[in-house]
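This report concerns only the one structure given below.
Every number here is computed from the coordinates shown, using simple stated rules; none is lab data. Note that the structure is a prediction, hence the values are computed from the model and not measured. We place every Cβ from the backbone using ideal geometry, glycine too, and count neighbours over all the protein chains shown.
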Amino acid sequence: MKILVTGAAGFIGSNFVYYMLRKHPEAEIVALDALTYAGDLETLAPLKDEPRFLFVRGNICDRNTVFGLLGDTGCDIVVNFAAESHVDRSIEDPSIFVESNVLGVQVLLDACREYGVERFHQVSTDEVYGDLPLDRPDLFFTEQTPLNPSSPYSATKASADLLARAYYRTFGLPVTISRCSNNYGPYQFPEKLIPLTIANALADRPVGVYGQGINVRDWLYVGDHCSAIDRILEDGRPGEVYNVGGHNEKTNLEIVRTILRELGKPESLITFVTDRAGHDLRYAIDPSTMGEQLGWEPHTDFEDGIRETIAWYRDNGTWWHNILDGSYRDFNESMFRGR
Ligand code: NAD
Ligand code: DAU
C-alpha cells in the first residue's frame, strides 16, 4: 500500500500519517504539502529518517507537480487533506479557498484518472450540510441531508464533494468521501477554538468567545477520525459518502469552561466578542452508516480526550510558541535551503 497524503503537514493530515505508519507496517507514505501558513514541518520532523515516508513540498493546484509525483511514485491511494480550513479566514478572503479547495481537488482527480489510482479519498466536513437549529436536538446530519453550506469555506468543500462524485459517476473513478465533525487533539493550528483557548489561558490572556457562546459543535478526537478514514480505505464503497462523528455535542462556552477549569484558570478570562458572520448554530453528525456498514466506532471518550489534549498543549509549548512567534516558517524554509 503506497499512499499519497496531501496536506500532511497540517493538523489531521499529520495525525493520519503517524496513525497509518503505526497501524500498517507495510504502508509507505508520500506526503505532499504546500506549507501554507497552516503547514508545519516540525510536526513531521520525527519522520525525517523514516524509510517508509517521503515529504514533498508542492501545491495540489500545480498540475505538473501532482501528475509528476503520481507518475514517479506509483501511489495506489490518494487521501486529500490539503485545504484552506479556517472559516474566519474564508470570510476575510474567499479566493484562496476556491483555488485550493476546488481547483486543487480537480487537479488531483484528473491525476488520479490519468494514473488509474485504486482510490481517491476526499476528506470533507460536516459543514457542507449547513447548520441545525439549536432547539431541535432530535435532528442530525445524515448522508442524505441536502448540501447547504453557509461560509465560503464550506461552499468550497461542498463544491469539491460534488466534483469528486461527478468523477465517480462520469469516469468511474473510485472515489470515497468522509464528512467529519470538529476534530480536536495534538498539532491543531492555534487559530482554532481549542488550541487558541489553551494558549491564551496559559498566558492569562482574554479568551474570546463569539456571540453568546451558545453555538454547538460535535467534537471528535483526531485519532478516531484517522481510524474512520482507514476503515473507509479498506472497505468503503466507491461513490459513497460517510459521515464521521461521535455524538459529542458541546456549546462553545462549555468547551472554554472545561479548558479553564482543567488549567486552573478563572472564568473571568472569558471575553464575549463580535459574532462570526453567518455563524452556523449547531452541527450534529449521525455516524450510523460508519457503524453499520464498516463496523467503525470512536474509541476516545470526550472527557479523556480533552484532558489529554489540554495536557499535550501544556507539555508541548515549544510547538505552538514557534507558530505564534513565526519561527516555524524559518524551520520550514531551512529544510529546503540549497535544494
Ligand atoms: P489544516 O489547516 O491544519 O491543514 C491543512 C494543510 O493543507 C496544511 O498543512 C497546508 O499547508 C496544506 N495545504 C493547504 N492548501 C494546500 C495546497 N493548495 N496544496 C498543498 N497543500 C496545501 O487543516 P486540518 O484541520 O488538518 O483539516 C484537514 C482537512 O480536513 C481539510 O480538508 C478540512 O476541510 C477537513 N476537516 C477538518 C476538520 C477539523 O475539525 N479540523 C473537520 C472535518 C474536516
Ligand atoms: O465541523 C468541521 C469544521 O470544524 C472543519 O471543517 C473546519 O476546518 C474546522 O476549522 C472547524 O470549523 P469551526 O468553525 O467549527 O472551528 P473553529 O475552531 O474555528 O470554531 C469552533 C467554534 O468556536 C465556532 O462556533 C466558532 C467559535 N469560536 C472560534 C474561535 C477561533 C469562538 O467562539 N472563539 C474563537 O476564538
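A few notes on this one:
- Expressed as a whole percent, the proportion of Cα-Cα pairs in segment 1-139 lying more than 24 Å apart is 33%.
- Mean projection of the Cα convex hull over all viewing directions, computed for the chain: 16.4 nm².
- Viscosity 1.002 mPa s, temperature 20 °C, Stokes-Einstein D of segment 82-128 from Kirkwood C-alpha radius, µm²/s: 180
- Cross-link pairs beyond the 28 Å C-alpha cut-off, checked among Lys48/Lys265; Lys157/Lys192; Lys192/Lys265; Lys157/Lys250; Lys48/Lys157; Lys23/Lys48: Lys48/Lys265; Lys48/Lys157
- Scattering curve values for segment 171-239, log₁₀ I(q)/I(0), Debye with Cα scatterers, q = 0.27 Å⁻¹: -1.22
- Spin-label pair Arg337/Leu139, simplified geometry with 7 Å Cα→Cβ offset, distance in nm: 5.5
- Kirkwood radius and radius of gyration were both taken over the C-alpha atoms of segment 200-268, and their ratio Rg/Rh is 1.16.
- Working value for segment 64-150: equivalent-ellipsoid semi-axes of 31, 17, 9 Å, each the square root of 5 times a Cα gyration tensor eigenvalue, largest first.
- Binning all Cα-Cα separations of segment 113-247 at 10 Å, short to long from zero, yields these whole-percent fractions: 11, 35, 34, 15, 5, 0.
- Value of Rg/Rh across segment 181-339 [Cα atoms, Kirkwood radius]: 1.02
- The spread of Cα positions in segment 262-313, taken along each principal axis and listed from longest to shortest, comes to 46, 33, 15 Å.
- D by Stokes-Einstein for segment 1-54, Kirkwood Rh over Cα pairs, 25 °C, 0.890 mPa s: 224 µm²/s.
- Mean separation of Cα contacts under 8 Å, 6 or more apart, over the residue count of the chain: relative contact order %: 19
- Global geometry of segment 100-182, whether rounded, prolate or oblate, following the gyration tensor of its Cα atoms and the 1.5 cut on a/c: prolate
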